[in-house]
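A quick write-up on the structure given underneath.
The values are calculated or read from the model by the stated rules, or taken from the named source; none is laboratory data. None of these values were measured; they are calculated from a predicted model. Neighbour counts run over all protein chains shown; Cβ positions are idealised from the backbone, glycine included. Note: accessible area is taken over every heavy atom of the protein model, side chains too, but ligands, DNA and RNA are not part of it. Shrake-Rupley method; radii C 1.70, N 1.55, O 1.52, S 1.80 Å.
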Amino acid sequence: MTAVPFGDMKAHVAGMRAEIDAAVARVLDSGWFILGPEGDAFEAELAAAVGAADAVGVANGTEAIQLALEGLGLAPGDEVVTSPLTAAFTALGVLRAGARPVFADLDPATLNVSPEAVERAITPRTRALLPVHLYGHPVDLDPLLEIARRRGIPLVEDACQAIGARYKERPVGAISGIGALSFYPTKNLGAFGDRGAVVVNDPEVAKRMRRLRNGGQSDRYRHEVSGINSRLDEMQAALLRAKLPHLSRWTDRRRALAARYDAGLAGAGVALPAEQPYARAVYHLYVVRHPRRDDLAAALRERGIGTLVHYPIPLHLQPAFADLGGGKGSFPVAERAAGEILSLPLFPEMTDAQVEAVIRAVREAAPGLR
Ligand SMILES: Cc1ncc(COP(=O)(O)O)c(C=O)c1O
């Protein structure tokens, strides 16, 4: 039996240890640790990689969302329409920006927000749309951008899981003008710690983001507005610079593994993710669906296969968001999906033998669970 962990960060580090050590040494030898030349270079390289005019490195993806929204000048009671099936941090970023998350149900084919549901969720208090490119599969942006344009509401992309993904040939992130990225270690481009970035096209907004992440300072010790401390440090910037040139190779490997799953699991009794015609997905996660998900996960565990669920509790049913309204039954597509989804192992260092072992285990386990 080939055991397959859900992820393997040790293999990831081993695959580029010399470059990591060189980046660490460079920063240690520089004697400079916060907001410096490594960060500046990373921001320029990142912006180029995602086709944005600029990128502003911050402490994590949650604060990237918070700052991108804060830059819109939200007031208490303002609403931001987003997905109920995402990392809770999406909605926490909205709350920290001083606004109220309002959820819109999903397109069952992609588990990204449905434009019709977004339209229905808009009220006179809506100040932004915040769709999520879930699992690294782009949301169908054009209908959402059309709604945003018609209603005069900005759209911020939560691209935390989707760096490198393409929507109609364009890299996601700043297609709408502004978006958030996360470099949480297991993300497709991961730091060795928490980090994130706002990717942005308007130079004035980029300037505002740089101010907000640094306590609101316009000049040293002059705090023009009340920002936060969400500065990018040189160590993580240097490490991310070492990793960025590998991203497209890692993405290709993720896509090849996903294609292997697509072929090997066809007819295995699990519903497979379907890449849409407008999308080039980066498979941050490979998520299948089965009505007896927990039993399938247990059967795979017995066969040495690690799985996770992203995410078992839709946000409107989380205790932290109970006061937003929206009880059970409010978002049936999201609720049903949350009970059926299962993320299979998929990481660039995964071997052909490992992907075959997962396919074999699913093909053994799933048919018995009807
Ligand atoms: C879709 C999504 N949004 C936001 C976040 C928040 O990013 P971070 O963990 O870097 O704060 C994450 C990651 O957890 C995410 O997956």
Problem - Residue in the range 177-195 that is open to solvent by less than 50 Å² (accessible area, probe 1.4 Å), more than 23 Å from Glu38 (Cα to Cα), of a type outside the set (A, V, I, L, M, F, W, C) and away from the ligand (no atom under 11 Å from the Cβ) present - result: yes
Completion exercise
Thr126 fails exactly one of (1) over 25 Å from Val24 (Cα atoms); (2) within 16 Å of the ligand (Cβ to nearest atom), namely (2)
Problem - Any hit, the range 248-271, residues being open to solvent by less than 50 Å² (accessible area, probe 1.4 Å), over 21 Å from Asp8 (Cβ atoms) and among the β-branched types (Val, Ile, Thr) - result: yes
Practice task
Go through the range 107-131 and give me each residue that's surrounded by 24 or more Cβ atoms within 10 Å (Cβ to Cβ) and of a type in the set (A, V, I, L, M, F, W, C).
Solution key: Leu111, Val113, Val118, Leu129, Leu130
Completion exercise
Okay, helices (runs of 4 or more DSSP H) sitting entirely in the range 19-102 with 3 or more residues that are open to solvent by less than 20 Å² (accessible area, probe 1.4 Å) and more than 16 Å from the ligand (Cβ to nearest atom), I get 37-49
Handout entry: Criterion: farther than 18 Å from Leu106 by Cβ and surrounded by 18 or more Cβ atoms within 10 Å (Cβ to Cβ) - qualifying residue of Phe347, Phe321
Key = Phe347
Handout entry: Filtered residues of the range 155-176 (kept if among the polar types (S, T, N, Q) and near the ligand (Cβ under 8 Å from one of its atoms))
Key = Gln161
